[in-house]
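Take a look at the structure set out below.
The values are calculated or read from the model by the stated rules, or taken from the named source; none is laboratory data. The model shown is predicted, which means the values in this text are computed figures rather than measured ones. Using ideal geometry, Cβ is built from the backbone for each residue, glycine included, and neighbour counts are taken over all protein chains shown.
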Amino acid sequence: RSKEQGRGRWRKFDPMLRAAAERQRQIETDVLRAIEAGELEAWFQPQVCLHTHTVLGFEALVRWHHPTLGFIAPPEIVQAAHAIHSSDRLTGAVTDAACTLLRALPDMGLPNATVAINVSPREFALYSVSEMLAAKVARHGIRPNLLEIEITEEALLDTVIAGAQLKQLEQSGFTLAVDDFGAGHSSLTRLIDLKVDRLKIDRGIISGLERSDRNRAIISALIRLGEALSMSMLAEGVETESEAETLRTLGCWMGQGYLFARPMPMPRIASWLREHGEKQGAVSRVVA
Ligand code: C2E
Ligand code: MG
Ligand code: MG
Ligand code: MG
């Protein structure tokens, strides 16, 4: 009887599964053309000092508005590019956009701001990420320390395939950040070995921080870890002023999140910076 029920359930979900599979197949069919046509874009989210709101950098986040399917979530894009063995094209396109922004930032008054890109853990097995990125920064004439490579704890733990390339990235002088830190299981030894520059504390720990003794304790401990290993800490997904205030109290001074800005397309950055600077000016005049 349970077998029948099981089969019945399967049948009921079958059209949904089929639709999901078709959607995935369509995304896989279209993603490479979309990358080549410039239909995929990188949007950029500012990273700020929690005390002064000075802009310290940006994170590049892929965006794709598909002609018939509409908005495609970044993890779906990444998955599709991986499935058709084109992760290098996706990361390459985002890196080109990041380098273009890096070239423009000095004229916007931000000569030392970093721009971060995301590299998914499975990419390292498909192509030489370190060689591709080194070639990109050389071609764009960018100092590698201004390009920040966000990897996940999963990549950090893969000492065999990702390990050698991460070491190369570190030795080439790229800035390394561990993304979504606290969401998985990280090996402390690897953090030390690799000389990771920055930990990005996962949004899951930041959300509602002021009401969670547990999360505040975790963040205190992470901040002490960061100090001991000379890593900077950045809080992800800061949405409210009380989260920002709690982070400042705990000693975390870098943040990224909707409280400051949502990701934005490159042409909007200059005007956002102007408005942001004016707001900052107004705030410091009030404080002074
Ligand atoms: P992530 O790298 O942890 O990026 C941060 C995500 O949190 C982004 O979602 C961003 O829009 C979102 N976010 C930022 N501030 C807030 C906030 O205050 N509240 C909330 N609720 N969300 C906030 P997005 O752009 O949808 O990207 C999701 C994930 O997809 C990223 O997480 C990253 O893992 C992956 N991803 C995005 N772009 C790329 C890419 O170019 N390459 C690769 N490999 N992965 C990417
Ligand atoms: Mg990221
Ligand atoms: Mg380094
Ligand atoms: Mg993250």
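When the criteria are applied in full, SER230 meets the requirement of being free of Cβ contacts under 8 Å to residues at least 12 places away in the same chain, among the polar types (S, T, N, Q) and under 27 Å from GLY163 (Cβ atoms). For region 179-204, taking the residues that are modelled with pLDDT of 85 or more and over 15 Å from CYS252 (Cβ atoms), the one that is nearest to ligand 2 (Cβ to nearest atom) is identified as ASP179.
Within region 227-273, restricting attention to residues that are in a helix (DSSP H, G or I) and modelled with pLDDT under 95, the residue that is nearest to the chain's Cα centre (by Cα) is GLU227. When the helices (runs of 4 or more DSSP H) confined to region 132-212 are screened for residues that are loosely packed, with under 15 Cβ neighbours inside 10 Å, those reaching at least 1 such residues are found at 161-171, 188-194, 203-206. When residues in region 65-84 are screened for being more than 21 Å from the chain's Cα centre (by Cα) and surrounded by fewer than 17 Cβ atoms within 10 Å (Cβ to Cβ), 5 of them pass. Restricting attention to region 168-208, and to residues there that are farther than 28 Å from ALA244 by Cβ and of a type in the set (Lys, Arg), which single residue is farthest from ligand 4 (Cβ to nearest atom)? The selected residue is LYS195.
Being surrounded by fewer than 18 Cβ atoms within 10 Å (Cβ to Cβ) and in contact with a strand residue (DSSP E or B) (Cβ under 7 Å, 6 or more places away or on another chain) is a property that GLU39 has.
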